[in-house]
Amino acid sequence: VGYRGERCVPMVEGNERINTFPVAQPFRSASRRLFLLYAPFKVLIQMLSLLWTLLVVIPRPSHILVQNPPSIPSLLVVWLAARVRGAKAIIDWHNFGYTILALSLGPRHPFVVLSRAYERLLATRFDGHLCVTEAMRDWLREQWGVRATVLYDRAPDFFRRLEVEEIHALSLKLEDSLRPCAERLNIPVDDNEPTTTAASEQSDAAASDAAVGARRRRHKGRRRRSKSRSRDPPTAAGSATAPLMRTLLTEALPDGRARLRADRPALLVSSTSWTPDEDFGLLLSALQRVDQWAASTPGAPRVLCIVTGKGPQRAMYEARMRAMALSHVHVATMWLEAGDYPKLLGAADLGVCLHTSSSGLDLP
């Protein structure tokens with residue numbers, strides 16, 4: 001049960017035992033400056049939508065697990081629905097709603113004080129509790145008298161380092177998004193004309209046929225896989241190493257293999273919700289310093305920073321990115337399919353998390 005939005009990961013969507021039930025998300029595009037004006041109406045609409053879903057739409061549950069935050073109105077609605085339907089109510093604590101609210105309103109704002117009291121009162125009424133850190137478990141016990149079990153966040157198995165051919169396949173799939181990045185970094189891509197080398201000399205006719213084949217493979221998203229998973233180029237005598245087609249990160253070889261480009265940019269990936277608890281300006285300032293260093297250092301690699309996610313401050317930071325004068329670094333924003341996000345992380349040279357805890361208790 002949750003907001004209607006992007007598709008879930010294939011592991012969830014393909015599971016026949018998981019059903020999704022969307023609820024209303026009012027005032028989604030409203031300005032945060034008007035929050036106090038529309039907040040009561042937003043809470044009322046959310047409460048009615050969530051109550052209807054939990055009391056009428058879904059089958060009778062034995063347990064209802066609610067993630068916190070958000071706290072308002074979900075904690076109250078879940079507690080009420082659980083009592084009406086005879087179910088156990090459990091909170092999965094990832095942070096505290098009132099501390100996130102305090103980021104924009106201030107810790108002494110009446111709404112924040114009221115939110116804290118609301119969250120504490122309902123916490124003591126639930127049947128069970130999970131939390132993500134030992135520090136949060138101890139705080140809940142000492143401050144609110146709530147006993148929680150620590151259940152650490154753990155990445156699924158599909159978050160892993162990609163093999164070269166998987167990076168090549170992803171580069172082909174994201175080709176339209178990566179091409180402008182290549183142009184900004186002055187890196188040639190999609191070179192279907194093979195280069196003549198001592199190890200590979202092809203006639204014009206053979207080169208043309210190979211180029212056509214490479215184009216077809218690129219547009220169909222197909223490639224022949226090598227039995228070898230090595231990241232190194234072939235070294236056997238007489239093997240062809242001239243690339244048929246180059247993406248920003250990889251190049252395809254005549255024998256069907258793929259390899260990483262020697263002149264590829266360093267790939268940095270950061271995922272953000274574009275909210276006040278993530279200081280994205282910190283990363284932009286660091287990238288400016290990297291650009292200055294690269295401009296004065298011969299042989300320094302170029303850097304591509306891809307930022308994924310959606311959120312309220314995205315437009316503000318995108319405007320700041322466009323105003324940055326960078327020569328060796330490029331920052332691009334992308335929204336990826338759920339299945340492609342872990343692949344992009346698996347292809348990255350470096351990942352950056354900018355999350356700062358509003359409570360100081362939810363980071364491992």
Output the Kirkwood hydrodynamic radius of segment 88-190, Cα pairs only, in Å rounded to one decimal.
17.8
Could you tell me the relative contact order of segment 241-364? Use alpha-carbon pairs under 8 Å, at least six residues apart, and round to a whole percent.
30
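What's the ranking of 128-138, 249-259 by average number of surrounding C-beta atoms within 10 Å, highest first?
249-259, 128-138
Please calculate how many Å² of accessible area segment 245-291 carries per residue, with a 1.4 Å probe and no DNA, RNA or ligand atoms counted.
Each residue of segment 245-291 exposes 33 Å² on average to a 1.4 Å probe.
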State which entries of LYS42/LYS343; LYS173/LYS310; LYS42/LYS88 exceed 25 angstrom in Cα-Cα distance in the structure shown.
LYS42/LYS343; LYS42/LYS88
If you roll a 1.4 angstrom probe over the protein chains with everything in place, what fraction of the accessible area of segment 249-364 belongs to carbon and sulfur, to the nearest %?
56
I'd like the carbon and sulfur percentage of the solvent accessible area for segment 8-121, probe radius 1.4 Å, heavy atoms only, ligands and nucleic acids excluded.
64
What ranking do 321-327, 178-184 get when scored by the average of other Cβ atoms within 10 Å per residue, highest first?
178-184, 321-327
Three-way shape call for segment 1-115 based on the alpha-carbon gyration tensor, with the a/c threshold at 1.5
prolate
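Would you mind working out the accessible area per residue for segment 300-354, using a 1.4 Å probe, and quoting it in Å²?
46
The values are calculated or read from the model by the stated rules, or taken from the named source; none is laboratory data. These numbers come from a predicted model, not from an experiment. Positions of Cβ are backbone-derived with ideal geometry, glycine not excepted, and every protein chain shown enters the neighbour counts. In case anyone asks, the SASA skips ligands and DNA or RNA and just uses the protein heavy atoms, side chains included. Shrake-Rupley method; radii C 1.70, N 1.55, O 1.52, S 1.80 Å.
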